[in-house]
Amino acid sequence: MSVVRPKLPVDPIVYEPAGVFATGGIPRQSLADLAGPLDQARTDTLSDVDRFRSGGVQPGEVLDSAFIDLPDRLLADYNTQRPRSELFAILTAARRIREAVDRVVVLGVGGSSLGTRALFESCCHPFHNDLPRGERGGRPRLSFEGFNIDNDSAQGLLDLLAAPQGSNDLLHRWALLVVSKSGDTFETAVATRLFLQALFAAVNGDRRKLAALVVPITGKTGRLADLAGAIGCPDRFEIPAGVGGRFSALTAVGLLPAAIVGIDVVRLLEGAAAMNRCFREAPVADNPVLLYAGVSHLAEVGMGATIRVLSTWSNRLEAVGLWYDKLLSESLGKAGQGATPLTTVMTRDLHSRGQQHQGGRRDKLITNLLVGAPRRDRLKLPPISGFAGNEDTLDDLVGTAWPDMLAAAAAGVSEAYARDKRPTADIVLPRVDEHTVGQLLQMLMLATVAEGRLVGTNPYGQPGVETSKKLMLARLRP
Ligand code: PA5
């Protein structure tokens, strides 16, 4: 009997800005007028890839454009040189770790953590870590540390990792992924020491076992690379030169932990590559990346919408929003410029921020991140009987499905904002899966860079953060 694998859906995500123009705050023509500059921003964004490759980086310039064609390159290598490809190495290491342990701790901060969280929360079971191993398909739990210097949180994770004395049970074994492009970020470095000590104790001081359970993901050189050498880790992954931290989710940084917890990383990359194709080829008027960058820019300069609310309509997308908060603010918040990003989860935040978004200062562009279809069976409102009647007066809604209630909420909120001339756009994901999440991450990264090129801000590098880091260390090492 032949086994035919069902063809998984690859429909594109869609950007719809009609609600912004409907306010009358900016004329549609202004977008048409921006087509030339947006086209130029695309050319600049793409030519930066060649400029990086051909060594055309100017002295003192930060140019992290290598993330752009990375999904295409990873897939091409995987398809043509399989056993020698980076993706093959990632999948092989993922399988080894998956079979060896029941929990993986990811140490990293900023771009070395948030992308992985975004992938984990959007693509895995929403309660992955709470499921027994069998129901996780034998995939380890994933925990995050090293993104702060929080005493009690680190202690709490150490509590979870502590195995009963003498236990060699797989369910008590854990591994460490240490992620840092520079290899010297303080939060990650101090956590690395702490968790390495705990892991060394857990393997009873066996250096070979320790080495096998630590996977560093870092730049070619640096302190973490040196530490990995000293430990003798058999698996190490390099964050390629020219890929900055916040653009690294689709390198080993995100792909290794994603593959460990069972996310289909090939489909993630295929989604990102599809978005690349669309960005390169689609005319401005049909190009979600350029339209999103252009409309967001116009709302900022034409309507004073300096706050960009990414209003996610799924709990699973909150971490994508937090990753995007960092991406946008660190990339464009420079030289006194740059919109302020803010993530909300609806309808949760209708009950906290809704009043302000509806009636507060007119400084916001709301971009809804909507989901077409749920992944699981549609829940329906059940009848209530045996212990109560219609006290909650919901009988008329019996049989109404959860996605339909959420759609009603989204439509209701949009209508309310429209009545009050609050600018609202939509990004619609047909569903939340690897392909759409790959598209979305690549779309938002490309749009951030294209907008930077449009307004003359270098989207790469984060010179401002360096000052705070230096001043922090000066206090610890006076
Ligand atoms: O986008 C960036 O490059 C930064 O925000 C980094 O992700 C963050 O500072 C962590 O740096 P590193 O990966 O070097 O530890």
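Return the residues of the range 315-351 that are on the phi > 0 side of the Ramachandran plot and touching a helix residue (DSSP H, G or I) at 6+ places or on another chain (Cβ under 9 Å); say none if nothing qualifies.
Listed by number, the list holds a single entry, Gly338.
Tally the residues that are touching a Gly at 6+ places or on another chain (Cβ under 8 Å) and surrounded by fewer than 17 Cβ atoms within 10 Å (Cβ to Cβ), restricting the search to the range 54-74.
The total comes to 1.
Could you give every pair whose Cβ atoms fall below 8 Å, whose first residue belongs to the range 5-27 and is without any contact (Cβ under 8 Å) to a residue 60 or more places away in the chain, and whose second residue is surrounded by fewer than 18 Cβ atoms within 10 Å (Cβ to Cβ) and part of a loop (DSSP other than H, G, I, E, B), counting only separations of at least 6 or pairs across chains?
Phe21/Pro27
Return the residues of the range 355-403 that are modelled with pLDDT under 95 and among the aromatic types (Phe, Trp, Tyr); say none if nothing qualifies.
Phe387
Taking Gly219 as meeting all but one of (1) more than 16 Å from the ligand (Cβ to nearest atom); (2) over 18 Å from Arg103 (Cα atoms), write down the number of the exception.
Gly219 satisfies all of (1) more than 16 Å from the ligand (Cβ to nearest atom); (2) over 18 Å from Arg103 (Cα atoms) except (1).
Scan the range 320-343 and give yes if some residue there is of a type in the set (A, V, I, L, M, F, W, C) and more than 30 Å from Pro459 (Cβ to Cβ), otherwise no.
Looking through the range 320-343, none of the residues is of a type in the set (A, V, I, L, M, F, W, C) and more than 30 Å from Pro459 (Cβ to Cβ).
Within the range 455-473, identify whether any single residue is part of a loop (DSSP other than H, G, I, E, B), within 16 Å of the ligand (Cβ to nearest atom) and on the phi > 0 side of the Ramachandran plot, and answer yes or no.
Taking every residue of the range 455-473 in turn, at least one turns out to be part of a loop (DSSP other than H, G, I, E, B), within 16 Å of the ligand (Cβ to nearest atom) and on the phi > 0 side of the Ramachandran plot.
Take the residues in the range 359-375 that are in contact (Cβ under 8 Å) with a residue 12 or more places away in the chain and over 24 Å from the mean Cα position of the chain (by Cα); name whichever of them is least open to solvent (accessible area, probe 1.4 Å).
Asp363
From (1) in a loop (DSSP other than H, G, I, E, B); (2) open to solvent by less than 30 Å² (accessible area, probe 1.4 Å); (3) not assigned by TED's automatic domain parsing to the domain that holds Pro423, pick out the condition that doesn't hold for Ile26.
(3) is the only condition that Ile26 fails.
Taking the residues in the range 336-358 that are β-branched (Val, Ile, Thr) and open to solvent by 30 Å² or more (accessible area, probe 1.4 Å) as candidates, determine which candidate is nearest to the chain's Cα centre (by Cα).
Thr340
Just the residues that are touching a strand residue (DSSP E or B) at 6+ places or on another chain (Cβ under 8 Å) and part of a helix (DSSP H, G or I), please, taken from the range 274-316.
Once the filter is applied, which keeps residues that are touching a strand residue (DSSP E or B) at 6+ places or on another chain (Cβ under 8 Å) and part of a helix (DSSP H, G or I), the range 274-316 yields Pro288, Leu291, Tyr292, Val295, Ser296, Ala299, Glu300, Met303, Asn315.
What residue, of Val266, Val301, is open to solvent by 10 Å² or more (accessible area, probe 1.4 Å), more than 17 Å from Ile427 (Cα to Cα), in contact (Cβ under 8 Å) with a residue 12 or more places away in the chain and aliphatic (A, V, I, L, M)?
When all the criteria are applied, what remains is Val266.
For every residue, the table says whether it meets (1) in a loop (DSSP other than H, G, I, E, B); (2) away from the ligand (no atom under 16 Å from the Cβ); (3) in contact (Cβ under 8 Å) with a residue 60 or more places away in the chain; (4) within 26 Å of Leu440 (Cβ to Cβ).
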{"site": "Glu318", "(1), (2), (3), (4)": "no, yes, yes, yes"}
{"site": "Lys326", "(1), (2), (3), (4)": "no, no, yes, yes"}
{"site": "Thr343", "(1), (2), (3), (4)": "no, yes, no, yes"}
{"site": "His357", "(1), (2), (3), (4)": "no, yes, yes, yes"}
{"site": "Asp377", "(1), (2), (3), (4)": "yes, yes, no, yes"}
{"site": "Asp392", "(1), (2), (3), (4)": "yes, yes, no, no"}
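Specify the residue that is farthest from the ligand (Cβ to nearest atom); the eligible residues are those in the range 81-119 that are of a type in the set (S, T, N, Q) and surrounded by fewer than 20 Cβ atoms within 10 Å (Cβ to Cβ).
The selected residue is Gln81.
The values are calculated or read from the model by the stated rules, or taken from the named source; none is laboratory data. The structure displayed is predicted, hence computed values, not measured ones. Note: ideal-geometry Cβ built from the backbone for every residue, glycine included; neighbour counts use all protein chains shown. Note: accessible area is taken over every heavy atom of the protein model, side chains too, but ligands, DNA and RNA are not part of it. Shrake-Rupley method; radii C 1.70, N 1.55, O 1.52, S 1.80 Å.
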